[in-house]
Amino acid sequence: MLSALYRRAPGQFLCRSFFKFGKNKEDIGEWQKIFEAGKVSPEREVPDNIEKPPYYYQINSVPGNTLGSTEIKNAQQIQFMRGSGKLAAQILRYCGELVKVGRSTDEIDGIAHERIIAAGAYPSPLRYAGFPKSICTSVNNVACHGVPDDRPLADGDIINIDVTVYLNGYHGDCSKTFLVGNVDERGRFLVDSTRECLNMCVALCGPGVPFNHIGRFIERYCKERNLESIAAFIGHGIGSYFHGPPEIYHHHNDAPGKMQPGMTFTIEPILSLGGPDIALLEDGWTAVSLDGARSAQFEHTVLITETGVEVLTKVD
């Protein structure tokens, strides 16, 4: 959720541009392209009794720093992470039940907000670096960070819903792409492929596994299926902070570092039927594909254990 933008900095493992031209990929199908943001409703209230993250009180909050050493969580912290991850997954599943033709993403946001508050949690995106709503809703050619608005969902849309909650001082983060009505074959292929890609990435994880194995696998996977990974956005460490180390790249890279028991982070590939190039709409948040192609995203928060990996955002 609200992934950090891909960094341009010295070092071989960071030397890849957002923009790669000349890719012979295009999204052929019928769907409504998003060219501008819709009307956004006022900020929703959060009761005084709900524990809020520090950035709630900051006028000009900035995204968390994802560089540095990765935190190794103790048993108590892991239990808190399990609680927030489970709630996030439950809210996401309920949001999926709300997806239907004619319903606006703002309406889904409002219901999700109330559900999160009722559970005694805080909707993490709200006020994070100035984000105005409680979840992210990214439709069709919106790659990520779509702001819920008054646009009604249309037959044939695909929509990613990204939910993060702050419960007992810890964040849980997950997302899923849903089908709206009758989606064409290419759209269904994209969604199915992205779901499979995430699941296979999770299966790679375990103690001693290099972080860069995730991105290397995603690049091979995309090449086999003539898809493109949108590399501008990354997975990230998570805990009492929304974003922290490590940075998880979703493309081939040589980034150093290995997974260790007690680490928690997100894996959240965004795969496109077109190219990887993105731009932001005037709201400063909504990231759309430059070529108008659709993309899909799936995300889990995972915990590295002594023997493998545990998905913290999976509903039983």
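Observations
- Placing 277, 291 in order of accessible area, with the largest value first and a 1.4 Å probe, yields 291, 277.
- A simple spin-label model places pseudo-atoms 7 Å from Cα toward Cβ; at residue 61 and residue 79 they are separated by 2.7 nm.
- Distance between modelled label sites at residue 72 and residue 26, nm, 7 Å Cα→Cβ extension: 5.3
- Segment residue 97-residue 283, length gained on full extension (0.36 nm per residue, minus Cα span): 64.2 nm
- Sorted largest first, extent of the chain alpha carbons per principal axis (Å): 49, 45, 38
- Once C-alpha pairs closer than 8 Å and six or more residues apart are averaged by separation and normalised to the residue number of the chain, the relative contact order reads 26 percent.
- Surface listing: 178, 233 arranged by accessible area from highest to lowest gives 178, 233, probe 1.4 Å.
- Cα-Cα over 21 Å, subset of 33/100; 25/314; 39/176; 258/314: 25/314; 39/176; 258/314
- Accessible area per residue, Å², the range 75-311 with all protein chains present, probe 1.4 Å: 32
- The chain, accessible surface, carbon-and-sulfur percent (1.4 angstrom probe): 50
- In the range 107-196, GluC sites (Glu not before Pro) in a DSSP loop with at most 11 other beta-carbon atoms within 10 Å: none
- With a 1.4 Å probe rolled over the protein heavy atoms of all chains, the accessible area of 263, 200 falls in the order 200, 263, largest first.
- Cβ-Cβ FRET estimate between residue 314 and residue 155, R0 fixed at 41 Å, reported to 0.05: 0.85
- The phi torsions of the range 154-163, fed into the Karplus equation with coefficients 6.51, -1.76 and 1.60 and a -60° offset, translate into couplings of 10, 4, x, 5, 10, 9, 8, 10, 10, 10 Hz, rounded to whole numbers, with Gly and Pro shown as x.
The values are calculated or read from the model by the stated rules, or taken from the named source; none is laboratory data. Source: prediction; values computed, not measured. Cβ: placed from backbone, ideal geometry, glycine included. Neighbour counts: every protein chain shown. Ligands, DNA and RNA are excluded from the accessible area calculation, which covers all protein heavy atoms including side chains. Shrake-Rupley method; radii C 1.70, N 1.55, O 1.52, S 1.80 Å.
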